[in-house]
Amino acid sequence: MNSNTRFFRILALSSYLGLLGFSILWHFVLTSEGQYSWLFLFLMWVLPLLLPLPGLLKGKPYTHAWANFILMFYLLHGLTGVYALEQEYGYAAVEVVLASLAFIGCSFFARLRGRELGLGLKKLKENNQ
């Protein structure tokens with residue numbers, strides 16, 4: 001694995017794990033509203049981030065690529081929070097930064113590592129010959 005690929009892997013893992021930890025901290029500790037059960041909060045904010053975690057830890061490019069779909073949920077939630085939640089503006093801004101960094105890291109790692117492993121899609125012209 002070359003140095004660029006390693007950098008984006010570290011960026012992806014650190015920001016993804018940071019987002020997981022921050023989501024737990026925000027929704028279970030920092031927010032004092034008790035209108036939702038802990039089970040609902042876990043299913044809504046923690047479980048989606050746990051689904052791709054084994055593949056991310058193993059360094060699978062395909063898992064890094066599809067983890068971006070999950071990260072978009074957190075990015076949209078954070079952007080909505082920055083706009084709409086005056087009392088939780090700072091928390092939402094942190095979520096936006098972590099989700100954005102994880103998205104960038106996962107995208108570039110998947111692309112670079114996929115190329116290193118030869119996992120790219122073949123061009124249509126090459127398939128017909």
- Query: Roughly how tilted is helix 3-24, in degrees to the nearest 10 and between 0 and 90, from the longest Cα axis of the chain?
  - Reply: 20
- Query: With contacts defined as alpha carbon pairs under 8 Å and 6 or more residues apart, what's the relative contact order of the chain in percent?
  - Reply: 39
- For ALA93 and LEU47 in one chain, what is 0.36 nm times their gap in residues minus the Cα-Cα distance, to one decimal in nm? 14.4 nm
- Note on the structure: In terms of the charge dipole of the chain, which places +1 on Lys and Arg and -1 on Asp and Glu at the beta carbon, the residue among ILE70, THR31, MET44 farthest towards the positive end is ILE70
- Query: Could you give the accessible area per residue of the chain, probe 1.4 Å, as a whole number in Å²?
  - Reply: 64
- Task: Using the Cα centre as the reference, give the magnitude of the dipole from point charges on the C-beta atoms of the chain (Lys, Arg: +1; Asp, Glu: -1; all else neutral), rounded to the nearest 20 debye.
- Result: 980
- Quick one: pull the percent of accessible area on the stretch 24-89 belonging to carbon and sulfur, 1.4 Å probe, ligands and nucleic acids left out. 70
- Using alpha carbon centers only, the stretch 34-61 is separated from the stretch 1-25 by a whole-angstrom value of 15
- Message: Could you work out the percent of alpha carbon pairs in the chain separated by over 20 Å, rounded to a whole number?
- Response: 48
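The values are calculated or read from the model by the stated rules, or taken from the named source; none is laboratory data. The model shown is predicted, which means the values in this text are computed figures rather than measured ones. Cβ atoms come from the backbone with ideal geometry, glycine included; neighbour counts cover every protein chain shown. Note: accessible area is taken over every heavy atom of the protein model, side chains too, but ligands, DNA and RNA are not part of it. Shrake-Rupley method; radii C 1.70, N 1.55, O 1.52, S 1.80 Å.
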